[in-house]
Every structure is written in structure tokens, then in C-alpha cells.
1. Give the stretch 71-93 a look and list any residue that's surrounded by 13 or more Cβ atoms within 10 Å (Cβ to Cβ) and over 14 Å from the mean Cα position of the chain (by Cα), or say none.
2. Please determine whether any residue of the stretch 107-121 is of a type outside the set (A, V, I, L, M) and at pLDDT 90 or above.
3. Being β-branched (V, I, T) and surrounded by 14 or more Cβ atoms within 10 Å (Cβ to Cβ) is the filter here, so list the residues in the stretch 108-119 that pass it.
4. Pairs only if they're at least six apart or on different chains, beta carbon under 8 angstrom, first in the stretch 39-50 and farther than 13 Å from L72 by Cα and free of Cβ contacts under 8 Å to residues at least 60 places away in the same chain, second in a helix (DSSP H, G or I) and of a type in the set (F, W, Y); list them, first residue then second.
5. When you look at V58, is it without any contact (Cβ under 8 Å) to a residue 12 or more places away in the chain, surrounded by 13 or more Cβ atoms within 10 Å (Cβ to Cβ) and not assigned by TED's automatic domain parsing to the domain that holds I110, yes or no?
6. Confirm whether G92 is at negative phi and either among the small types (G, A, S) or touching a Cys at 6+ places or on another chain (Cβ under 9 Å) (or both).
7. Determine which member of the set I29, I6 is within 21 Å of C93 (Cα to Cα) and touching a residue at least 12 places away in the same chain (Cβ under 8 Å).
8. How many residues does the stretch 1-55 hold that are part of a helix (DSSP H, G or I) and of a type in the set (K, R)?
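The values are calculated or read from the model by the stated rules, or taken from the named source; none is laboratory data. All values reported here derive from a predicted model rather than from experimental measurement. Positions of Cβ are generated from backbone atoms using ideal geometry, with glycine treated the same way; all protein chains shown enter the neighbour counts.
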Amino acid sequence: MNIFQIIAIGIISAILITLLKETKPELAIILGVAAGVIIVILVVDELYEIVASFYEIVEMTGIGGEIFTTVLKIIGIGYITEFAANICADAGCKSVGDKILFAAKVVIMILSLPVIKGLLSLIVEILP
């Protein structure tokens, strides 16, 4: 991943989006989404390395795979919903983006409940 390539794509996209917003706002939104998708594609390899590192940590520590999978899901939901909410804000629908973020927080809380329960039961076992 070349960060300068990503920065260049971002700056060029921002300039083009600013120019297009005045005359063709619908194309500006499409260009913004396309630029975001291109940037995500450029960092997918790095994401793979992060996931591989997490698997190594799981193997070293002996932590259950379910906890690891849940944490990865939570992280993924956070990134994806932030991306979607920003697209909504760019399109002038900030309130819809806020609802997406709220829904994501509820889903993250639901996913995290088993992890929280597991931690609490571990703490209870440790205490006399």
C-alpha cells in the first residue's frame, strides 16, 4: 500500500467532487463512493495482514476463536458503518447517517454481550 497513492486519489476526488457538486450533484455522490471503494480496495492487503496477526495472537494466547471472530465482526461493523454514514452525510442526509450509526451501536452491543458475560464470569471465578 502506498499512502501517497491513496492521498493523491483522495485529494483529486475531493477537488472533482467540489467542482461537480455545483452542476451535477448526483455524479459527485457517485464519484465520492467510487473513490472510497478504490481506497478500500487499496488497503485490503493490509487488512489481511492485520487479520493474520490476530490469528497468530489467538494461537499464542489460546483465546477462543469465537471471541476473536466477534471482535473482528465488531471492528468491521464499526468501519463499514462509519463509511456508510459519511456517504450519507456527503449526500446531504446526515440524519440518515446518524440512524445508521445508532443501529451499528446497537448491533455492536448485542455482539459484545457474550464477550462481556465471559469476562465477568472469569472475574467471578478469580475472586474468592
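1. Result: C88, A89, D90, A91, C93.
2. Residues of the stretch 107-121 that are of a type outside the set (A, V, I, L, M), as a first pass: 112, 114, 117-118, 121.
Retained after the next criterion (residues that are at pLDDT 90 or above): 112.
Among the residues of the stretch 107-121, at least one is of a type outside the set (A, V, I, L, M) and at pLDDT 90 or above, which makes the answer yes.
3. Residues of the stretch 108-119 that are β-branched (V, I, T), as a first pass: 108, 110, 115-116.
Correct list: I108, V115.
4. Sorted first by the residue in the stretch 39-50, then by its partner, the pairs are V40/F83.
5. Working: without any contact (Cβ under 8 Å) to a residue 12 or more places away in the chain: yes; surrounded by 13 or more Cβ atoms within 10 Å (Cβ to Cβ): yes; not assigned by TED's automatic domain parsing to the domain that holds I110: yes.
Judged against the criteria, V58 is a match.
6. no
7. On the way: I6 fails: within 21 Å of C93 (Cα to Cα).
Only one candidate qualifies: I29.
8. Step one: filter the stretch 1-55 for residues part of a helix (DSSP H, G or I), giving 3-23, 25-55.
Still in the running and of a type in the set (K, R): 21.
Of the residues in the stretch 1-55, 1 are part of a helix (DSSP H, G or I) and of a type in the set (K, R).
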